[in-house]
Amino acid sequence: MALRLVSIAKDAAPAMAEPAARHRRRLMAVMLADVVNYSHMMSRSEDETHARVSCLARELIDPTISRHGGRIVRSMGDGWLAEFASATDVVRCALEIQRGLATRQADEPDQIKLRIGINTGDVLVDQHDIYGNSVNIAARLESLASPGAICVSQSIYDQARSQPGFFFADRGTQRVKNIPYPIRVYEVSDQPIRLPLRTRLAVHWGSLAVAAGVAAVAVLATAGVLVFGTANPVVARTNKIVVLPFNNIGGSSSDDYLADAITEDLTSELARLPRAWVIASGTAFTYKDRPDTPSAIGRELKVRYALQGSVRRAGPIVRVNARLIDTDNGANLWDNSFAYETSSLADLQDNMLGRIATSLNDEVTVPSLRHEIGTLAADHNPLDERMRAMAATTGYPTPEKFLESRQNAEAGLKADPDNARLLALLAHVLMGDVLNGWNGAGKAEVDRAETAARKAIGLDRNVALAHFALGYVLRLRGDHPASLASFQEAIRIDPNFARAYAQAANALVFVGKPAEAIPMVEQALQLSPNDPAVGVFYWVKGRAYFTLGDYPKAIEALSESARVRPNLWYVQAWLAAAHALTDQAPKASETLVAFNTKFGSEYTLDRITRYYQEEQYQNPTLQAASAHVLEGLRKAGMK
């Protein structure tokens, strides 16, 4: 949520300022804590949320602040501003609060989490409140913290770094709102922090930690480059790479989904490398179980780098062996093994991306909030169900695979209804069923998909698949400008999302800009030349040329689409019409015969005419193009 707690103190003086003579300055440590997603929780249940937060404040937060020598300056129900005389005391207090929250809510699926920011410096004090730049900086640090985490300033780090039990991670130098100079940010925890870091991981402990924890710190020290922020700089995407399907070598075929899901996730996560130009997973999965060498695949796809790996699961531990290969010469740029608990797969991905970034002289931007609960070791938990749902959508789509994916997503959402990635997956497969006529999907599924997509976006705007699914919904609703905007937003979030480029191109045709559609679909074809949806890519390209009146180029693209996807009736119909409109009667007749053999009993000229009167086609561009299609089909002899 927004920083409601300090909206008065952080950017403006109070409306009724006291005389300057009554103000004084004092050096103190300041802690700002804020409940994550408080407004959202209140919108679901005001009484329950208020009761839960009040109970935690009364039984945990307020007494912990008092016990560590702090004083609550201001409490707004969903946040606290407290002052301390000691940097060490305030850090210990914050750690105890976060630890206490986690312990008390260990068995609760919908946990209340805090973000905490801590700073020390000169503070302006009056009888009732504290103000000044030091408080503002604490507010900015709190906004940078992840849910359940604590961010502190350089001054706190300098004073507390040598204390036993404090583990610090350098999050880099940040520029924040209304602070004229950059501030150095550190995250602090009571255990080693598993993060890929831009600079060295500064860890301090008073006694020898558990050996596994120390090993994890050692691995992370080499993790690579991280930029703490969300904006991708505009740079040339010159590092062309493909993530080859990871192999499951654990001995159990039931874990195949895990290898597929990790491949899919890593492909999407590579969008966080601003210079990465990534072959889409749809094309990458066509190489699954094939003997092609990475160098041969690199030549075929015209990419310089390939990420190749294997997955082995043993109980709650997933071990991934991965190597980054220069396809020009077959050399390994790095080769490493990563072992993580199944509840920490996001950390595994961060670690691997850090290594890739270092090898490619690139940077990793921090993703949006990762909301995930559960581990893969247990059946039917949200994380496991998401991985299974993702794996079911890889490769060539079928009604059975989409039904399996939908069921997994629905099962995960029962336990974790606010999981944005699961909601996006559900919206995606529902729209896949609707568009393909699978699994009895109809208007109700369109409505469900819209609800799921919008909820996902409300929870996390940076889930590209949610915007992609919403784009389809809006197209069926006939709102083509909004549909285009949704597909473009998916591309902004994931600039390697091949299918989003193709559908953005399709939307451009709908809004009367077919010339602009052609380079967009060309981008899709470059990103995923062997995609299971490549027939649709060529269809979009062919329709764009048809709408422009360039029937020879339309025939070229539509012919390729018909070759790859002979089961798409509209491709055959538009191809027959294009042949007829260019006076190629034999070709038009041949195409129409093939169409009638496959679709004639279902798609007559009258049925196609009614089809193009549906809501999504009620715009001048498509009405004109559809009229020409019908003209061509009549000329070709369709009844």
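The values are calculated or read from the model by the stated rules, or taken from the named source; none is laboratory data. None of the values given here were measured: they were computed from a predicted structure. Virtual Cβ from ideal backbone geometry, glycine too; neighbours counted across all protein chains shown.
Observations on the structure shown:
- Residue in segment 470-481 that is of a type outside the set (Lys, Arg), touching a His at 6+ places or on another chain (Cβ under 9 Å) and in a helix (DSSP H, G or I) present: yes
- Test: Ala490 is surrounded by fewer than 23 Cβ atoms within 10 Å (Cβ to Cβ) and part of a helix (DSSP H, G or I): no
- Criterion applied to Gly442, Gly471, Gly478, Gly458 was being more than 23 Å from Ala271 (Cβ to Cβ) and at pLDDT 90 or above, and the one residue passing it is Gly442.
- Asn567 in a loop (DSSP other than H, G, I, E, B), surrounded by fewer than 23 Cβ atoms within 10 Å (Cβ to Cβ) and without any contact (Cβ under 8 Å) to a residue 40 or more places away in the chain: yes
- Residue that is surrounded by the fewest Cβ atoms within 10 Å (Cβ to Cβ) [pool: residues in segment 570-611 that are of a type in the set (Gly, Ala, Ser) and closer than 21 Å to Asn506 by Cβ]: Ala573
- Those residues of segment 287-321 which are buried (at least 16 other Cβ atoms within 10 Å of the Cβ), within 18 Å of Met352 (Cβ to Cβ) and without any contact (Cβ under 8 Å) to a residue 60 or more places away in the chain, in sequence order: Pro294, Arg319, Asn321
- Among the residues listed as Asn332, Asn419, the single one being among the polar types (S, T, N, Q), at pLDDT 70 or above and touching a strand residue (DSSP E or B) at 6+ places or on another chain (Cβ under 6 Å): Asn332
- Hey, Leu32 in contact with a Gly (Cβ under 6 Å, 6 or more places away or on another chain), surrounded by 18 or more Cβ atoms within 10 Å (Cβ to Cβ) and modelled with pLDDT under 90 or not: no
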